[in-house]
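In what follows, a single structure is set out as structure tokens and then discussed.
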Amino acid sequence: MVFRCLFLFVVAGLVDAAKALAAAAAVSALLAALAVLSGSAAPGISVAAYLNGSPVPAFVQAFAALPPSHRRALVEIWNGTATYGTAKIPLAALADIAREWAEKGYGQNGVGLEIIATYVNGNKTYYKMLFITYKPKDLIDTLENPLLAASRLNYATVRLDLETGAPIASGAAHPRPASTATNAQAPTPPAPPGCWWELIGSSQTQQTQIPITWIFDTSSLSGTLSAYSQQTTSAVINFLASAGFIFGASAAVNYRFIGASAQTSAAYFEMAFVGPAYGNEGAYIYQVGTIGLAEFQLYCGTYDRPQPQDQYAYEAFIDAVAGNLYVSYDLSYISSILAQYNYTGSSILYAPFDEAHASGGGPGYKYPFSSIQSYNQPFGLIGTIPVGAIAARLIGVPEGWPAYLLLNLVAGMQASDTQVSIIGLGLSSSTPAYADVFAAAVPAPYTSSTGYSYFPYILGFNATPPGHYSSTTSTYLTGPVYVYGCAAGGSNGYYTYTAYVQIGGTPLLVPGGTVYAYLYDQNGNLVWSGQVTLPSSDYGTVNGVPMHQPAVIDIPDVFNYGPFGTPYTLYVYYAGYTTPYGTIEYGPSSAQMTIYAVYRC
């Protein structure tokens, strides 16, 4: 009886404790909600600024993308200093713009917010520009519901790793005239003595066709071009903004992608039937949306005594995009976009992508452009859209912009899920036939986050009668720089390295060939060698696996580990490749990296 009473007492105590905890949690939530209502706490986007891995008090600016029907594309909504390396952009600063987005039917879409952090150390500026997306309806719900706001005080966290800009000039540069309206929502306090980016101007196109992919088919093959296919998930498509940076008197432009400016569902699907069997020479698939352009100039000093610098950033991005897909067989629209490049003395590049074969009556060539491993690294995107050229066609080149720079700005496409095939290309014939397939590419190199230079490819294709073509290749090698162990002999299994053999400087990978790998010690002695044969077929896939794969190299544990890291050299060589019918030849290339074997038990 005593034990039973004790047991009941303990159980009752536990129940009371659980109730107390629940009550405490409820009180805590209520207090948080009251704090939101009183204004002492508010949900916001936390921005952490880092330089060389350490937090820095950078000056942070936030620019919101505006919904369709505005003449401008961006407006500054907030700025402030990242105290102890962190700043917080209040969601309330976005409220009016978010409501306007929602009223125009984009409440569930991802829309853009550009965040810029600038830091001065000595006479050098360090900065980072990054677009992120938010859903207007979700943001409005957070602001209008105190309990929801209390649970989302840290609505999102953004880390900006600052990059080196150019030295600050002692004499002022020529300022570009800025419209005062562009900074109408800029709050106080003004920037501290230092540097910030002035929005010189921005513009937005009217609603227009944004071609996701297209094909010109002058071959004897016919087939299909599809977009957002093989949907097995609730994936989304991110559209990446791009920017061209010019520093000082140099005419050189540093192009790079700067984050996602728009996001839409990938749950839609569309297919075009192309080629002589369908009485056309191609088609394109498009979405409807608007394109934004923006120009920034760096200023230093104080707001009352600003000094403009010869540092400029030119941006192009998809501002708004509806989810539905459409097909058009009138390729004059695509031709008019590509013709914009002719006005600058340059032209679109075309990379020989594949030799497509149809055996006649059976399956033909088929290739899915998916977010598979080969296109996740090292570039992190699947293809691009020439938004700069589209904008030039619609509204011309803005005053003060270099025309060639605008045309080289593209929007990158990313899929959030590896099961999504963004673009599918299939070609076949009732009789045996084959063709050469080319992929378009931007005629200017972009720089990746790792400093690697490449030509982004556009999801535009040409299928032509078979000819004889050749292309250079380049090899990008990735894998662990440091390996750790006690002794050689397989105790650590294998170390994996990946060689990406690219076509003509684009992220597109070769459709076949062999990669040879050699590991040398610090004295130049060969320690290990191996080879990887890439899957090849003129049908686009091998046993259901798409071609254009990287070479995955597994090196056994043959290292002698040293306390300070014993150096080894991994050298890979791609021997070149000729397609089965001999219409395309890919040249050889090589790459190498140093590996340090560190003793650690």
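The values are calculated or read from the model by the stated rules, or taken from the named source; none is laboratory data. Predicted model only: the values in this text are computed from it and were never measured. Cβ sites come from the backbone with ideal geometry, for glycine too, and all protein chains shown count toward neighbours. Surface accessibility is based on the protein's heavy atoms, side chains included, excluding ligands, DNA and RNA. Shrake-Rupley method; radii C 1.70, N 1.55, O 1.52, S 1.80 Å.
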Looking at (1) within 20 Å of the chain's Cα centre (by Cα); (2) within 30 Å of Y596 (Cβ to Cβ); (3) touching a residue at least 40 places away in the same chain (Cβ under 8 Å), find the lone condition where L459 falls short. (2)
Tell me whether the range 589-598 contains one or more residues that are open to solvent by less than 50 Å² (accessible area, probe 1.4 Å) and among the aromatic types (F, W, Y). no
Hey, N560 without any contact (Cβ under 8 Å) to a residue 40 or more places away in the chain, open to solvent by 20 Å² or more (accessible area, probe 1.4 Å) and not in a strand (DSSP E or B) or not: no
Regarding G244, is this residue out of contact with any Cys (no Cβ under 6 Å at 6 or more places or on another chain) and in a strand (DSSP E or B)? yes
Residues that are of a type in the set (S, T, Y), within 22 Å of G512 (Cα to Cα), at pLDDT 80 or above and surrounded by fewer than 24 Cβ atoms within 10 Å (Cβ to Cβ), drawn from the range 347-400: Y350, S359, Y367
Write out, first by first residue and then by second, each pair whose Cβ atoms fall under 8 Å of each other, whose residues are 6+ apart or on separate chains, and whose first residue, in the range 71-83, is not assigned by the TED database to the domain that holds V60 and open to solvent by 10 Å² or more (accessible area, probe 1.4 Å) while the second is hydrophobic (A, V, I, L, M, F, W, C) and modelled with pLDDT of 95 or more. none
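This table checks each residue for (1) in contact with a Leu (Cβ under 8 Å, 6 or more places away or on another chain); (2) crowded, with 18+ Cβ neighbours inside 10 Å.
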site	(1), (2)
L508	no, yes
Y518	yes, no
L526	yes, no
V572	yes, yes
Y586	no, yes
Evaluate the following for P507: is it over 19 Å from the mean Cα position of the chain (by Cα), over 22 Å from T594 (Cα atoms) and part of a loop (DSSP other than H, G, I, E, B)? no
Suppose the filter is in a strand (DSSP E or B), farther than 22 Å from G412 by Cα and open to solvent by 30 Å² or more (accessible area, probe 1.4 Å); does F257 pass it? no
Does the range 446-466 hold any residues that are touching a strand residue (DSSP E or B) at 6+ places or on another chain (Cβ under 6 Å), more than 21 Å from A499 (Cβ to Cβ) and not in a strand (DSSP E or B), and which are they? P466
If you take the residues of the range 548-557 that are under 29 Å from the mean Cα position of the chain (by Cα) and in a strand (DSSP E or B), which of them is nearest to Y500 (Cα to Cα)? A551
Breaking point among (1) in contact with an Asp or Glu (Cβ under 9 Å, 6 or more places away or on another chain); (2) loosely packed, with under 15 Cβ neighbours inside 10 Å, for M547: (2)
Single residue of Y495, Y539, Y500 found to be touching a residue at least 24 places away in the same chain (Cβ under 8 Å) and farther than 30 Å from G426 by Cα: Y495
Surrounded by fewer than 18 Cβ atoms within 10 Å (Cβ to Cβ) and over 21 Å from the mean Cα position of the chain (by Cα): which single residue out of Y299, Y312, Y333 fits that description? Y333
Within the range 510-547, restricting attention to residues that are aliphatic (A, V, I, L, M) and assigned to a loop (DSSP other than H, G, I, E, B), which residue is modelled with the highest pLDDT? V510
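What about P535, is it surrounded by 14 or more Cβ atoms within 10 Å (Cβ to Cβ) and within 30 Å of the chain's Cα centre (by Cα)?
Yes.
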